[in-house]
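Novice: Questions regarding the structure given below will be posed in turn.
Rule-based calculations on the coordinates, nothing more; no lab input. Computed from a predicted model, the values in this text were never measured in an experiment. Heads up, the Cβs are rebuilt from the backbone with ideal geometry, glycines too, and the neighbour counts pull from every protein chain shown.
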Amino acid sequence: MLNEEFLRWLGILIEQDVAPNNIFSIAMTHGSTGKADYQRLEFLGDRVLAINIAEHLYHLYPEEDEGRLAHRLNALVSGKSCAKIARHIELGQWINLGKQARDDGARNSDNILGDVMESLIGAVYLTYGHEKAKALIIKLWDNIIEETEVPPKHPKSAVQEWCASNKYKSPIYNLVNREGPPHMAQFTVELTINGFDPIIATASSKQLAETSAAEIFLRKNQTKKIVGKK
């Protein structure tokens, strides 16, 4: 069970007196401890986050079509955004980790921080209901929603569109390496586009590595006039 200091911290965050509750202990527990962990709550929190952000965007941008709203939603509910929010509220200090995970620096992992952010949302939803979970989400995400006036485009989508508009074949992403313990795994992906040098990127998940590779390609080539074999 988490201590009173955590309960006070959580109470301030959600603006609600928080009594000791095993669900919040589970929400903060990583699988490396060998105890009941946050994965099921993360699954729930991911869906609660998505529906509330989607509803908020629907009302906030009444003139935008489905495609633009989808770009915003995908960026806001990504693991990267969840980890950013988790760092902002200093969530990492409360994560219960096994010794090896602590030694490996798991407390600072984007992947783990993002997952625990979602598990906390799931725990709030189950304990206090939809309206309290919604209030927490809007409170934490409001600033990053307002940071971007133009809906962001996912880097992989941008690369796909770039290839189509420049008459290149679709990009290919291949997983070329995976190493490290399960709680701190590193995935290396190679992005191949015919006529260009391969792009290699490494991250804490295959999806993040693919996104990173796409970002690197765009930085190198998006503004260039490309001449070469297609």
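Novice: Region 88-134: Rg/Rh from Cα coordinates, Kirkwood Rh?
Specialist: 1.07
Novice: For region 128-225, just say rounded, prolate or oblate: build the C-alpha gyration tensor, square-root its eigenvalues into a ≥ b ≥ c, call rounded for a/c under 1.5, and beyond that prolate if a/b exceeds b/c, oblate if not. Mind showing how you got there, number by number?
Specialist: Values: a/c = 3.12, a/b = 1.45, b/c = 2.15.
Note, shape of region 128-225 comes out oblate.
Novice: Follow-up question, since we're still on this one. Could you run the Debye sum over the Cα atoms of region 26-163, one equal point scatterer each and no solvent, and tell me log10 of I(q)/I(0) at q = 0.19 Å⁻¹, two decimals?
Specialist: Evaluating at q = 0.19 Å⁻¹ gives log10 I(q)/I(0) of -1.07.
Novice: So what are the ³J(HN,Hα) numbers for region 85-95, from phi and the Karplus equation (6.51, -1.76, 1.60; θ = phi - 60°), rounded to whole Hz, Gly and Pro as x?
Specialist: Those phi angles translate into 5, 4, 5, 4, 9, 6, 5, x, 5, 9, 6 Hz.
Novice: Figure the gain on full extension for Ile51 and Thr192 (residue separation times 0.36 nm, minus the Cα-Cα span) and round it to one decimal in nm.
Specialist: Details: separation 141, 0.36 × 141 = 50.76 nm, distance 3.45 nm.
Separation in residues times 0.36 nm, less the Cα-Cα distance, equals 47.3 nm.
Novice: Label-point separation (nm) for Gln16 and Arg102, each offset 7 Å from Cα along Cα-to-Cβ?
Specialist: 3.0
Novice: If a paramagnetic tag sat 7 Å from the Cα of Asp142 along the Cα-Cβ line, which residues of region 8-30 would have the backbone N under 20 Å from that point?
Specialist: Within reach of a label on Asp142, which here means backbone N under 20 Å from a point 7 Å along Cα→Cβ, region 8-30 contributes 10-17.
Novice: Please order Val77, Val159 by the number of other Cβ within 10 Å, starting at the fewest. Before the final figure, lay out the partial values.
Specialist: Values: Val77 22, Val159 28.
Placing the least packed residue first, the sequence is Val77, Val159.
Novice: Starting from the Cα-Cα distance between Lys80 and Tyr128, subtract it from 0.36 nm times their residue separation and give me the gain in nm to one decimal. Please report the intermediate quantities before stating the final value.
Specialist: Numbers: separation 48, 0.36 × 48 = 17.28 nm, distance 2.62 nm.
The Lys80-Tyr128 span can extend by a further 14.7 nm.
Novice: Please work out the Cα convex hull volume for region 1-97 and give it in Å³ per residue. Let's see the in-between values first.
Specialist: Details: hull volume 10.9 nm³, N = 97.
So the per-residue hull volume is 112 Å³.
Novice: Additional query: For the chain, which span is the longest to avoid every loop-located (per DSSP) member of GluC sites (Glu not before Pro) having at most 15 other Cβ atoms inside 10 Å? If you can, show how the numbers build up before the last one.
Specialist: Values: sites that count: Glu15, Glu63, Glu64, Glu90, Glu149.
That would be 150-230.
Novice: Quick one: angle between helix 110-128 and the longest Cα principal axis of the chain, in degrees between 0 and 90, rounded to 10, please.
Specialist: The angle comes out near 40 degrees.
Novice: Step through the table entries Lys99/Lys139; Lys80/Lys139; Lys134/Lys220; Lys99/Lys153; Lys84/Lys156, compare each Cα-Cα distance with 29 Å, and write down the pairs that go over it. It would help to have the intermediate numbers written out before the result.
Specialist: Values: Lys99/Lys139 33 Å; Lys80/Lys139 18 Å; Lys134/Lys220 39 Å; Lys99/Lys153 39 Å; Lys84/Lys156 20 Å.
Table pairs above 29 Å Cα-Cα are Lys99/Lys139; Lys134/Lys220; Lys99/Lys153.
Novice: Please list, by residue number, everything in region 1-23 whose backbone N is under 16 Å from a paramagnetic label point 7 Å out along Cα→Cβ of Ala36.
Specialist: Only 1-2, 20-23 pass the distance filter.
Novice: Next up: Work out the P(r) tail for the chain: percent of alpha carbon pairs separated by more than 28 Å, whole number.
Specialist: Details: 10509 of 26335 pairs.
Distances greater than 28 Å cover 40 percent of the Cα pairs.
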